[in-house]
Amino acid sequence: KKRLLDQTDGPSSPNNRDLLFLVTEMTAPSMKERKACWGARDEYWKCLDDNMEEASKCEKLRCSFENVCPQQWVKYFDRRRDYLKYKAKLEAGEFQPSETTEKS
């Protein structure tokens with residue numbers, strides 16, 4: 001549990017270092033960081049598209065994507081890609097419901 005710093009804490013006290021780390025981790029990415037993340041995501045997605053979703057051929061780009069983007073963004077973009085692929089199949093009439101869906 002973190003506590004608020006009082007004036008007796010020095011700049012190098014463990015509490016200040018912890019708070020600085022906590023604040024650093026909670027700040028929103030800058031425009032430069034966001035653009036780098038989006039670029040890494042786009043390169044990774046293009047690799048997946050070019051290689052018929054074979055993730056093993058895109059491992060380096062995946063690592064780059066995960067290193068450049070916040071973890072929550074990676075999760076969001078992964079789910080977004082799945083949704084967009086599903087939506088495209090549905091709109092094209094290519095979606096095949098599973099057997100359990102058909103029976104219900």
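Table for the structure above
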| item | result |
| --- | --- |
| Top-ranked residue of the range 78-104 - restricted to ones that are surrounded by 10 or more Cβ atoms within 10 Å (Cβ to Cβ) and basic (Lys, Arg), ranked as modelled with the lowest pLDDT | Lys89 |
| Criterion (acidic (Asp, Glu) and modelled with pLDDT under 95) met by exactly one of Asp6, Asp42, Asp49 | Asp6 |
| Matching residues in the range 46-77 - criterion: being among the aliphatic types (A, V, I, L, M) and surrounded by fewer than 10 Cβ atoms within 10 Å (Cβ to Cβ) | Met52 |
| Those residues of the range 48-75 which are among the basic types (Lys, Arg) and closer than 24 Å to Lys32 by Cα, in sequence order | Lys60, Arg62, Lys75 |
| Hey, Cys69 of a type outside the set (Val, Ile, Thr), touching a helix residue (DSSP H, G or I) at 6+ places or on another chain (Cβ under 9 Å), under 14 Å from Asp42 (Cα atoms) and modelled with pLDDT of 95 or more or not | yes |
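The values are calculated or read from the model by the stated rules, or taken from the named source; none is laboratory data. Values in this document were obtained by computation on a predicted structure and should not be read as measured data. When we count neighbours, we look across all protein chains shown, and the Cβ atoms used for this are built from the backbone with ideal geometry, even at glycine.
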